[in-house]
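Notes follow once the structure below has been shown.
The values are calculated or read from the model by the stated rules, or taken from the named source; none is laboratory data. Predicted model only: the values in this text are computed from it and were never measured. Positions of Cβ are generated from backbone atoms using ideal geometry, with glycine treated the same way; all protein chains shown enter the neighbour counts. Accessible surface areas use protein heavy atoms only, side chains included; no ligands, DNA or RNA. Shrake-Rupley method; radii C 1.70, N 1.55, O 1.52, S 1.80 Å.
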Amino acid sequence: MEQRLSWVPKEVDVSKPSAARVYDYFLGGSYNFAVDRAFAQQLLAVAPTMPMVCRQNRSFLRRAVQHILGHGVRQFLDIGSGLPTTGNVHEIAQAAYPDARVVYVDNEPVAVAHSELMLKDNDSAIILHADVRDPESILNAPETRSLIDFDQPVALLMVALLHFVPDVDQPAEFMARYRDVLAPGSFLALSQGTEERQPPQVHAVRDLYNQRANRVTTRTSAEITSFLGDFDIVEPGLVFTPEWRPESPSDVPDEPELAGFYAIVGRKP
Ligand SMILES: C[S@@+](CC[C@H](N)C(=O)[O-])C[C@H]1O[C@@H](n2cnc3c(N)ncnc32)[C@H](O)[C@@H]1O
């Protein structure tokens, strides 16, 4: 049985793995509990590529942020931001542009608690405890409004998030709401798990998450692309994470589909 550490927020069920903390474990972080590590071992037994999937996803996030910064956008809304780890969005953005502003959002209390600690001395970045499925609670929060000017272009990031939202929660509807509120020139960057071109182990991974942690909904390329609505899709379009604007051709593995997540970035016309 997991010993309850004093800093763990009261609402956290330490007997159940969380996707945020398992992802942290696969990235080599230490914000995870014994239950998360045991679950990660179960996943590794069926899919040894999981740490690579997470690293490739995180690298896509970095490249997407750098690309968007290159287009002059200085304000970021990062929903499903996860636990602090290497290459947090505010670190990438503020290293290049100290005036860049970041609102992080997550519904996992441990991710929120650690992000609060990380950001306590940063006036230009904040974490909001909220759920992507409730856009108004995010878009109208005073914290969001204090840092983000929706009359100016915004980068909306939903990286490795939407596979944790089932269709019954109507992602098409809330995605339309987020797209509507963004000014022309804004970006939407996302990645999401798929079963297209995947080895059979992907079913076992999905089933394990469904039984023990967050429910997972994989999606097709058409379903994922539809989340971008009428945005102009940035080249190279929808591809597996390592194929999205790699820094060097040698960074793309022989079988990029084994990175498991599609990546896509669009810009509001
Ligand atoms: C795999 S992590 C991705 C972290 C980061 N975006 C990245 O790509 O490196 C997914 C995150 O989404 C969060 N999440 C899952 N469902 C959510 C929801 N309904 N609303 C907000 N966050 C959610 C989880 O708590 C977790 O921190």
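The HN-Hα couplings worked out from phi for the stretch 156-164 by the Karplus form 6.51 cos²θ - 1.76 cosθ + 1.60 (θ = phi - 60°) are 9, 10, 9, 9, 6, 10, 6, 6, 8 Hz, whole numbers, x standing for Gly and Pro. Summing Lys and Arg as +1 and Asp and Glu as -1 over all other residues whose Cβ lies under 12 Å from the Cβ of Arg74 gives a net charge of -1.
Who wins for biggest fluctuation among Pro249, Pro109, Pro48 in a Gaussian network model of the chain, springs between alpha carbons below 10 Å? Residue with maximal mean-square fluctuation among Pro249, Pro109, Pro48: Pro249.
FRET efficiency for the pair Asp123 and Glu247, taken as 1/(1 + (r/R0)^6) with r the Cβ-Cβ distance and R0 = 25 Å, rounds to 0.20. Ordering Lys10, Lys268 by accessible surface, largest first, gives Lys10, Lys268; the 1.4 Å probe counts only protein heavy atoms, with every chain in place. Taking amide H as placed 1.01 Å from N in the peptide plane, the amide H of Arg101 sits under 5 Å from that of Gln75, Phe76, each at least 5 places away or on another chain.
Counting only lysines at least 8 places from Lys120 when in the same chain, those with an alpha carbon closer than 30 Å to its own are Lys10, Lys16. The Rg/Rh ratio for the stretch 94-188, using Cα coordinates for both the radius of gyration and the Kirkwood hydrodynamic radius, is 0.95. The phi-based Karplus calculation (6.51 cos²θ - 1.76 cosθ + 1.60; θ = phi - 60°) puts the 3J(HN,Hα) values of the stretch 211-218 at 6, 10, 10, 6, 5, 10, 10, 7 Hz, whole numbers, x for Gly and Pro.
Other residues within the sphere of radius under 9 Å centred on the Cβ of Gln192, judged by their own Cβ, net out at 0 (K and R +1, D and E -1). Projected over every direction and averaged, the convex hull enclosing the alpha-carbon atoms of the chain yields 13.7 nm². In the chain, helices alone account for a calculated mean residue ellipticity at 222 nm of -11000 deg cm²/dmol, with every DSSP H run of four or more residues adding -39,500 (n - 2.57).
Take the Cα radius of gyration of the stretch 149-204 and divide it by 2.2 N^0.38 Å, N being the number of residues; the result is 1.42.
Remark: the stretch 261-269, residue by residue, has Karplus-estimated 3J(HN,Hα) of 10, 7, 10, 7, 10, x, 10, 6, x Hz, where x stands for each Gly or Pro and the curve is 6.51 cos²θ - 1.76 cosθ + 1.60 at θ = phi - 60°. The amide H of Thr194, built 1.01 Å from its N in the peptide plane, has Arg219, Tyr262 as neighbours under 5 Å, considering only residues 5 or more places off or on other chains. Taking amide H atoms as placed 1.01 Å from N in the peptide plane, the amide H of Phe240 lies under 5 Å from those of Ala263, each 5 or more residues away in sequence or on another chain. Ligands, DNA and RNA left out, the 1.4 Å accessible surface of the chain is 51% carbon and sulfur atoms.
Counting only Cβ charges, +1 for Lys and Arg and -1 for Asp and Glu, the dipole size of the chain around its Cα centre is about 380 debye.
The residues neighbouring Ile127, those whose beta-carbon lies less than 12 Å from its own, together hold a net charge of -4 under the Lys/Arg +1, Asp/Glu -1 convention. Semi-axes of the equivalent ellipsoid of the stretch 1-137 are 27, 19, 12 Å, computed as sqrt(5λ) over the eigenvalues of the C-alpha gyration tensor in descending order. What residues from the stretch 58-82 fall in the zone where the backbone N is under 20 Å from a label point 7 Å along the Cα-to-C-beta line of Phe150? Flagged as within label range: 73-81. Accessible surface computed residue by residue for the stretch 172-220, with neighbouring protein chains in place and a 1.4 Å probe, gives 43 Å² per residue.
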